[in-house]
Every structure is written in structure tokens, then in C-alpha cells.
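Some notes on the structure that comes next.
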């Protein structure tokens, strides 16, 4: 019996080895292995090579696991059944004792293999996959060489069957932005990545979908200078609204002449020169401005800035009317989010009662992230909260107008002329289905 038990222990150890080799190879992270390989660990490079072509490796694993399982059943039945039958024979008939003894032997061997050869090794392999994969890749490579005829045969059969069923022949190792976001979310849960850092990464990927209108300074907030402004008017305007760059226009904001840097104005003041733009029109003070369409994404806007070597641009619509201006700082503030935006300048402010006070110019992606609303009605027809309200109400919103969508009530609190200034967003109890998805007042 001692010899049989020793053989069973060896079989369990063999099955545990194959289980660890399988799960650690599958779970080993490519980035960690690449780092170890760059540090000079040759075993990590071997693991990466196996992951790129894992067919032979996992064929050996399956051969080993199945052979060990079959041998374990044969050895276990012959080793334990007689002893169980002998003990049960003291109280039961011989035939019944033999049947129950076989069942107990089967359950014992199966339980040992499940716990010691499968569950525990796989848990170890998941806890530290890179190190265990590097430790097992050497012996597994040796077994792959020894069993090469069997591996070649089984792999050929498997490949032909996969082709017949239309299954992919190679593993797809491409990393998508969804994979990166999932990793950062896991890092945030583990405490390795700060929530603000996670948000920066999310914002980076949104640059390809968010338009320039979500980050621009809107038309009514643009401070511009006119060529006919005298020194006094220019000084007062710059003092009241200090900026690094000013748009220069003719009769109105839609007659764009260029832009001027505030540093150039300050330099003229220090030198005692006149500020009147008409008096120095030939001095190169007014520079050519970059003009872009309003349908550009923020990623495309960054490309425009880089190609033009500028950090200031005017945004126009399809009718060549100015809708706003945007700077490189606006784009980067969109990426950095709360890490650089002061609390009193945030567009969405959470109140103590769980409701939110939002600016009408708040981009829809920001609302989606805060409120958890995945689907928006008539998506693509608007970029901001004010646009959402206009589409839902089918008119210019007024104070006390409200819209209900996905369990949230959006109520207009303040309107500055025709611009939606403040909107209160609060949870609302579910309404009857017959009432529709939205309502207006």
C-alpha cells in the first residue's frame, strides 16, 4: 500500500506541475515579462516566445494532464478499493462492501486530484504567474522536445479541425484602449493609480471623440479688440479682462483680422509707444490667426496646433461665423480635468443633497461620466447640456423648464439672454411608461 500511495502522490505532483505550467503561462502579463526580459532575464524572453506560439506548449500540458488522470484512476482503484472493501466487509456483505469500497476509492482519488492537483496549483499560478511561468518553461520545453512526435500529431489534428470550424489560428495580442482603461480601473481599485490619474487617462482617449466645441471659449465670452479702438479703450479692456491672447476684429467678431499677444501690448506700454492698433498696423503686431471648423475633434485640434506652430485658434461654423476660440491650454485642461481646474471653476458641482448644479456649456461626455447615463436621445445633434435641453424641448429653454431622462430631472435655473447658464440635475422617481421618456414645462 505504501508503494501505491507514493505513486499516487507522484501522480498528483505531476498533475499539479502541469496545472501550474498551464495557468501561469496563460496569466503571465506581457508587460511584466517584457520588463524582466529587458533587465536581462532570459527565462522571461522564453516565456514571451511561448506566448507568441503556444500551440506545442499547451498540447504537452494536455497530454500530461490526461495521462496523469488516467494513471491516477487506475492506480487509485487498485490501491484503495481493497482496503475500503476490507473495512466495510466487517459490517456489510462482500459484494456490497466491494461496490461501496470502489465508490469511496473513486471519491477519495478524485477529491485529492481536484484539490491538490488542480485548485491549489491554479491559485498559486494566478497569484504569481510571471515567476511560475519562468520556472516551468524550462522543464516544459524539454518535455515538448521529448514528445515532439505526439505533439506534432495532435497539433496537426487540432489545426485542421479549427480550420474546418472557422476558428482563429493565432492569438490576438493587440491592446485596445478598452484594455488600458480596464487596467487603470483595476489599478485604481488596488490603490496603485489615483482616481485623478485614472480620469486623465480616460480624458486622453476621449480626445478622438470630443469636438472643439466642448473645450472652446464660446462666442459671447470672447474678449476681442477692434482696429478702431483708441488707447484708452484698449487699456480698459485689457485691464478688465486680462488674457494672454486677444482676437483682433474689424466691424464685428465675424470680421477676423488676426490676433495679438498681451506681451506685445505690455512691451509697447513699457516703451511708451501708442497702443492703437490702427496706428501700428504695419508693425507686425497683429498676427495671422489659425481658423478651424467647429467639427474638428480635440485630437485633430492638437495636430493643427502642432503643424501651424500656434497655440490659439478661432473656431467657425459652416456659415463662416465665429462660434468661439480655443487655446492649447483649453485642450490640456480638458485632459487634466480636476487636477488643474480650480473647484470654483468646475462645470459640474455636486451638492450636499446629492443633486448637481451644472453649467449649460458642460460637455455631454462629462455629464455621462458623472451621471452614469450611457444613452442620450438623438446623440450627435448636440455637444453640451444646453444643446441637449434645446433638442428635447424643441425651443430655446427658459427658467423653470425641465426635462426628465433616464431617471434624472434637468431643470433650467438661470438663463442669460438666450444662453442656458445654470441647470439643476437631481434624481427623480421613475415615472409611468405612458408618460414617455421626457417631459417639458
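The values are calculated or read from the model by the stated rules, or taken from the named source; none is laboratory data. Only a predicted model underlies this, so the values are computations on that prediction, with no experimental measurement involved. Ideal geometry is used to build each Cβ from the backbone, glycine not excepted, and the neighbour counts take in all protein chains shown.
Just a few scattered comments:
- Residue within region 305-318 that is touching a helix residue (DSSP H, G or I) at 6+ places or on another chain (Cβ under 8 Å) and either farther than 22 Å from residue 287 by Cα or exposed (fewer than 15 other Cβ atoms within 10 Å of the Cβ) (or both) present: no
- Pairs where the first residue, in region 380-407, is within 22 Å of residue 209 (Cα to Cα) and the second is exposed (fewer than 13 other Cβ atoms within 10 Å of the Cβ), C-beta under 7 Å, 6+ apart: 391/378; 391/381
- Within the set 142, 157, the sole residue that is part of a helix (DSSP H, G or I), loosely packed, with under 13 Cβ neighbours inside 10 Å and either in contact with a strand residue (DSSP E or B) (Cβ under 8 Å, 6 or more places away or on another chain) or at pLDDT below 85 (or both) turns out to be 157.
- Residues in region 413-441 that are over 16 Å from residue 354 (Cα atoms) and either modelled with pLDDT of 85 or more or not in a loop (DSSP other than H, G, I, E, B) (or both): 413, 414, 415, 416, 419, 420, 421, 422, 433, 434, 435.
For every residue, the table says whether it meets (1) in the same structural domain as residue 12 (by TED's automatic domain parsing); (2) over 29 Å from residue 17 (Cα atoms); (3) not in a helix (DSSP H, G or I).
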{"site": "86", "(1), (2), (3)": "yes, yes, no"}
{"site": "91", "(1), (2), (3)": "yes, yes, yes"}
{"site": "97", "(1), (2), (3)": "yes, yes, no"}
{"site": "104", "(1), (2), (3)": "yes, no, no"}
{"site": "113", "(1), (2), (3)": "yes, no, no"}
{"site": "116", "(1), (2), (3)": "yes, no, no"}
{"site": "120", "(1), (2), (3)": "yes, no, no"}
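- Being out of contact with any strand residue (DSSP E or B) (no Cβ under 6 Å at 6 or more places or on another chain), under 26 Å from residue 203 (Cβ atoms) and loosely packed, with under 13 Cβ neighbours inside 10 Å is a condition met by no residue of region 399-418.
- Checked against the criteria, residue 255 does not count as over 29 Å from residue 293 (Cα atoms), surrounded by fewer than 17 Cβ atoms within 10 Å (Cβ to Cβ), out of contact with any helix residue (DSSP H, G or I) (no Cβ under 6 Å at 6 or more places or on another chain) and modelled with pLDDT of 85 or more.
- Cβ pairs under 6 Å, 6+ apart, first in region 46-73 and outside the structural domain of residue 106 (by TED's automatic domain parsing), second at pLDDT 85 or above: none
- Count of residues meeting criterion [surrounded by 13 or more Cβ atoms within 10 Å (Cβ to Cβ) and under 20 Å from residue 216 (Cβ atoms)] in region 341-396: 26
- Flag if residue 48 is assigned to a helix (DSSP H, G or I) and more than 30 Å from residue 29 (Cα to Cα): no
- Positions within region 182-208 being outside any helix (DSSP H, G or I) and either surrounded by 15 or more Cβ atoms within 10 Å (Cβ to Cβ) or under 14 Å from the mean Cα position of the chain (by Cα) (or both), in sequence order: 193, 207, 208
- From the options 179, 173, residue that is assigned to a helix (DSSP H, G or I), within 27 Å of residue 46 (Cβ to Cβ) and at pLDDT below 80: 179
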